[in-house]
Amino acid sequence: MAGPARVRAAPLAPHAGAAKVCGDGACRAPAGVLMPPKIVVSGYYGFKNSGDEAMLYAIIGALRARIPGVEIVVLSHRPRETAAEFGVRAIPRWSPLHLWRELGTADLLLSGGGSLLQDITGPFSILYYLGVIYLAQVRGKKVCLYGQGVGPLRLFHSRWLTRRIVSRVDLVTLRDPASREELERLGVTAPMYVTADPVLGLSPTAAEVSRGRELLAAVGAGRRRVLGISLRPWTEAPRLVQVVAALGDELSRTGWDVVFVPMQEQKDLPIIRRVAARMREKGFVLTGIRGFQDLMAVAACCEVVLGMRLHFLVFAALAGVPVIGLGYDPKVHRFLQQVGMGPAEDLAAVTAARLEARVRELAARGETLRTALRARVDALHRQAEANAALVAALLQEIPLSDRDKGPDGEF
């Protein structure tokens, strides 16, 4: 079983800034008091997706560490829950009136992180995220794309609008080199920096993974080697159900506990249950999840992780657990390349025998592989910290120090 590293993710407390005088729908600093900056954050928040909630946690923590007193307002599908969980103000993401008002007193719109500028999941979500950016530009506000992954952009309107709108933003930080290449191909001219996924900015600690073991024990797993599996609905789902069920049966017969981990329960549980029902041997479906911290703890208890969901792979890598990616989206390929665990498996061609061979090969490489993986993740951790450093410099309009720059001016 993998070592005891897990990620510390304590609850975020509300952050106090300068006192404000409010009235007529706006707030201002009292005379003679310099108000700390206000940042409005736009992303896929409030949808109970553990990867995106981890990302928001990481973004808030990084901004507060770099920008003392910063006020953060989050656009959320469930604003009350987001406000309570993260210690921020939150407003309905679907309300143009709320957004217009908040932008009026904001210093910066932060769009990210995640894969917001893509149309592989449908043609409309990119219109929403670009629309939020455009509204901030209309209000004359600074805009930053933060730790984003860009693409695929298959449709003409996606490419045209991205080029037009993103070229006018003040700062773009990207989680991988391929995203920068995608924007350069479109002709985007905004200042761009390659950093890393914000979640990689979370810091591992030597604390015990007792919560992960508790969750595994609650479903009857964890007494043998653990393979953690993350699946999501996709076009190749019928074939994938057969392949993963066959893999689970073979590993279960030879000394493994096969544990299915839903990152977004409403979407992931149907395909997970189909696989578990098809297995002849026992497959375990994780339950009782209280938040992304629980999933990090479980990932740290696995010997190997197989996943479609990007941030389950990230959670495992943070703990030094070897990963196998199921490549439904380019972002999976890109992350595996960054951590030296590629290539991702082609959903149209992968077989149970191929996956079994890879699981056994990664497990056999043991601590040597984990040590190499941790070294890669440590480097990405430093790059992820540059996201907030760049935002702080943008707000202060000061040059970046050489300490924050990497080789060739990248991060």
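Laid out as a table, the results:
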read-out	value
Of Lys282/Lys331; Lys267/Lys331; Lys38/Lys267, pairs whose Cα-Cα distance is over 29 Å	Lys282/Lys331; Lys38/Lys267
Residue exposure sequence - His98, His311 - by fewest surrounding Cβ within 10 Å	His98, His311
Percent of C-alpha pairs per 5 Å bin, the stretch 205-378, short to long	1, 9, 19, 24, 23, 16, 6, 1, 0
Per-residue [θ]222 nm for the chain (sum of -39500 (n - 2.57) over DSSP H runs n ≥ 4, rounded to 500)	-14500 deg cm²/dmol
Correct option for mean projected area of the Cα convex hull in nm² [calculated from the coordinates] among (1) 25.2; (2) 36.8; (3) 19.8	(3)
Residue exposure sequence - Ser42, Ser125 - by fewest surrounding Cβ within 10 Å	Ser125, Ser42
Cut-off 13 Å between beta-carbons: net charge of the residues surrounding Pro322, Lys and Arg +1, Asp and Glu -1	+4
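Readers should treat all values here as calculations from the given coordinates under stated rules, not as data from a laboratory. Only a predicted model underlies this, so the values are computations on that prediction, with no experimental measurement involved. Every residue, glycine as well, gets a Cβ built from its backbone with ideal geometry; the counts of neighbours run over all protein chains shown.
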